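Working notes, structure below.
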Amino acid sequence: MNSLRRSLLFCYPRPTIKIQCSSFHSTVSVMLPKVVATRRLLPDSQARLERLKNIELVQWQGEHTMPREQLLESVKGADALICMLSDKIDKQVFDAAGPQLKLVTTLSVGHDHIDLKTAREKKIKIGYTPDVLTDATADLAALLTLAAARNMKQGIDAVQNGGWQDWRAAWLCGYQFTNKTLGVVGLGRIGQAVAKRLGAFGINRLIYSGRTKKEGVDGELVPLDQLLKEADFIVVCCSLTSDTKEMFDYDAFKKMKKNAIFVNISRGGVVKQADLAQALKEKLIAGAGLDVTTPEPLPLDDPLQSLDNCVVLPHIGSATWDTRSTMSDMMVDNVLAVLENKTIPYELK
Ligand code: NDP
Ligand code: DGY
């Protein structure tokens, strides 16, 4: 391990404690349970984690994702692993950890970065953060939809670079929601919260595609093709799976309306990004708003960066103090539970 890496790793305390066995007048060393965290948590949860007694805490202190080799090294002997969506938790990580690993808990509701099959085979529990981030993420999806529909990127650019001159009747005209159709792909927790928010802006028809009909929702489950053809605003809120991977390709964009606004808050992997760039360039659709891309961060020379009808945000859907603090606390609750052999409160079943 080089010295910079070592200085970015917080290890506390030493991995064994000595227990006095009075009946035998002898001392035995007991291995402390090891908790590995690939990032620091929000302050209150971080303090809780550091206050946990009788654990060995190994935590990456770096500003960026814990390097892969460091993760493989640190996870050895871990009982619980706190990870982020940017850490790939595959068989290699599970194998490196060893058979005592009981829990992997991720600071996200999305779990496409975790090899669930191997986790199941090895009887490792998976913790995650459903529900608590729904509002924050739906707020951001609504913001992105508005931003893309109302040419916010061009507007801000014009103010800052002198492009804002006299008032012009047709300048930067975009699209409004009144009496329009919203199509949500994946009407789960976040999808429903997005529909509720955009409904307040005047949407008068909700259509959605997915695997199951949602009871009690004022909307119509339709085949994806129909959604692509009929929706004015398409917001993608499904999880990334082998079925949804790259489901938005050139053909899909070609089916959309010319005035369609395409928004993705799910995962970058659901979109064939070069095809989206092409579709935006050719004005097959009017605009796009993305909170997620492939890769993340999106390289500065990616074709999407230079398109003024594409608003890109750096994966900040759940980034509010309230939400991220709650998510962080859920990580500590899960770790505490597993160390005490209790039921994990936020377990992915
Ligand atoms: P849910 O499990 O509630 O919703 C996921 C939805 O995906 C379900 O409605 C499911 O449909 C749908 N889905 C699954 N397979 C398909 C398919 N083949 N076609 C269409 N829809 C499909 O999860 P959440 O709403 O809580 O989160 C959704 C996703 O949002 C997460 O997996 C994550 O990737 C992403 N996310 C992004 C954030 C960000 O910061 N940008 C923040 C939080 C989440 P059905 O119900 O019919 O099975
Ligand atoms: C998630 O939870 O899946 C997001 O992408 C980050 O909050």
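The values are calculated or read from the model by the stated rules, or taken from the named source; none is laboratory data. On a predicted model such as this, the values are computed, not experimentally measured, just so you know. Neighbour counts run over all protein chains shown; Cβ positions are idealised from the backbone, glycine included. The protein model used for the area step is the full one, side chains on, heavy atoms only, and it has no ligands, DNA or RNA in it. Shrake-Rupley method; radii C 1.70, N 1.55, O 1.52, S 1.80 Å.
Filtering L49, L85, L72 for residues that are open to solvent by less than 20 Å² (accessible area, probe 1.4 Å) and either among the β-branched types (V, I, T) or modelled with pLDDT of 95 or more (or both) leaves a single hit, L49. Quickly run through segment 246-291 and pick out the residues that are within 16 Å of ligand 2 (Cβ to nearest atom) and part of a loop (DSSP other than H, G, I, E, B). Result: I265, S266, R267, D291.
In segment 43-67, the residues that are more than 15 Å from L107 (Cα to Cα) and of a type in the set (A, V, I, L, M, F, W, C) reach residues that are assigned to a helix (DSSP H, G or I) and open to solvent by less than 30 Å² (accessible area, probe 1.4 Å) with C-beta atoms within less than 6 angstrom, at least six apart or across chains, in these pairs: V58/S74. Pull up segment 304-346, narrow it to residues that are closer than 30 Å to K283 by Cα and free of Cβ contacts under 8 Å to residues at least 12 places away in the same chain, then point me to the one that is farthest from ligand 1 (Cβ to nearest atom). Among those residues, the one meeting the criterion is S306. Considering every residue within segment 321-339, establish whether at least one is in a loop (DSSP other than H, G, I, E, B), crowded, with 18+ Cβ neighbours inside 10 Å and at pLDDT 95 or above. No, there is no match, as no residue in segment 321-339 is in a loop (DSSP other than H, G, I, E, B), crowded, with 18+ Cβ neighbours inside 10 Å and at pLDDT 95 or above. Only one of the listed residues (F201, F177) is part of a loop (DSSP other than H, G, I, E, B) and buried (at least 17 other Cβ atoms within 10 Å of the Cβ). That residue is F177. Taken residue by residue, segment 281-297 has no member that is open to solvent by 10 Å² or more (accessible area, probe 1.4 Å), of a type in the set (A, V, I, L, M, F, W, C), within 14 Å of ligand 1 (Cβ to nearest atom) and not assigned by TED's automatic domain parsing to the domain that holds A78.
Between E215, E230, E246, the distinction of being open to solvent by 10 Å² or more (accessible area, probe 1.4 Å) and out of contact with any strand residue (DSSP E or B) (no Cβ under 9 Å at 6 or more places or on another chain) belongs to E215 only.
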